[in-house]
1. Just checking, does the stretch 1-8 include any residue being crowded, with 16+ Cβ neighbours inside 10 Å and either free of Cβ contacts under 8 Å to residues at least 24 places away in the same chain or under 22 Å from Leu123 (Cβ atoms) (or both)?
2. Just checking, does the stretch 26-36 include any residue being of a type outside the set (Val, Ile, Thr) and outside any helix (DSSP H, G or I)?
3. Scan the stretch 62-99 for residues that are surrounded by 15 or more Cβ atoms within 10 Å (Cβ to Cβ) and either among the β-branched types (Val, Ile, Thr) or at positive phi (or both) and jot them down.
4. Across the stretch 40-61, what is the total count of residues that are β-branched (Val, Ile, Thr) and either surrounded by fewer than 18 Cβ atoms within 10 Å (Cβ to Cβ) or in contact with a Ser or Thr (Cβ under 6 Å, 6 or more places away or on another chain) (or both)?
5. For Gln11, state whether it is surrounded by 15 or more Cβ atoms within 10 Å (Cβ to Cβ), in contact with a Pro (Cβ under 7 Å, 6 or more places away or on another chain) and at pLDDT 95 or above.
6. Which condition does Val35 not pass, out of (1) open to solvent by 60 Å² or more (accessible area, probe 1.4 Å); (2) within 20 Å of Phe114 (Cα to Cα), if it passes all the others?
7. Those residues that are open to solvent by less than 40 Å² (accessible area, probe 1.4 Å) and either polar (S, T, N, Q) or over 25 Å from Gln59 (Cα atoms) (or both), I need them from the stretch 104-125; list them, please.
Amino acid sequence: MLANQGETIIQYVVMRRDLVKTLGWPVGALISQGVHASIAAVVKHIADPQVVEYTSDGQLERMHTITLEVRDEPHLHEVAGRLTGAGLQFHLWMEQPENIPTCLATKPSPRNMFGNILKDLKLFK
């Protein structure tokens, strides 16, 4: 489904706050994880009409991405379960070689498709 005229296509990136706050990861390392997840979500769905629209020449300077935070790994998996239950596609980034889930990024989709699924999450700060 293409976005209706005027409807914003958005990508959410959901980051684990505990990696910085509790486990002492540098903020830059966590930002890199989010970038990896975002690119992976786009590449996995590169032929999807919404992703084509999101990455088109006329939209590149107007991309909408919102970065949210979860408390820890179990909370990240819970959010992934909500997205899966709603039929929304995403990429869960696993840091290698440790195999640590660090964040997820949704496939760029019309904002209204997310409904209230992520409403309880705070902006990453």
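1. no
2. Within the stretch 26-36 (the criterion being of a type outside the set (Val, Ile, Thr) and outside any helix (DSSP H, G or I)), the answer is yes, since at least one residue qualifies.
3. Ile66, Thr67, Val70, Val79
4. 4
5. Here the answer is yes, as Gln11 does meet what is asked.
6. (2)
7. Selection gives Thr106, Ser109, Ile117, Leu121.
Yes/no per residue for (1) within 15 Å of Pro110 (Cβ to Cβ); (2) touching a strand residue (DSSP E or B) at 6+ places or on another chain (Cβ under 9 Å); (3) at pLDDT 95 or above:
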{"site": "Gln59", "(1), (2), (3)": "yes, yes, no"}
{"site": "Arg62", "(1), (2), (3)": "yes, no, no"}
{"site": "Pro74", "(1), (2), (3)": "no, no, yes"}
{"site": "Ala80", "(1), (2), (3)": "no, yes, yes"}
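The values are calculated or read from the model by the stated rules, or taken from the named source; none is laboratory data. Just so you know, these numbers come straight off a predicted model, no measurement behind them. Don't worry about glycine lacking a Cβ; one is built from the backbone with ideal geometry, like all the others, and counts go over all protein chains shown. Accessible surface is based on the protein model in full, side chains and every heavy atom, while ligands, DNA and RNA are left aside. Shrake-Rupley method; radii C 1.70, N 1.55, O 1.52, S 1.80 Å.
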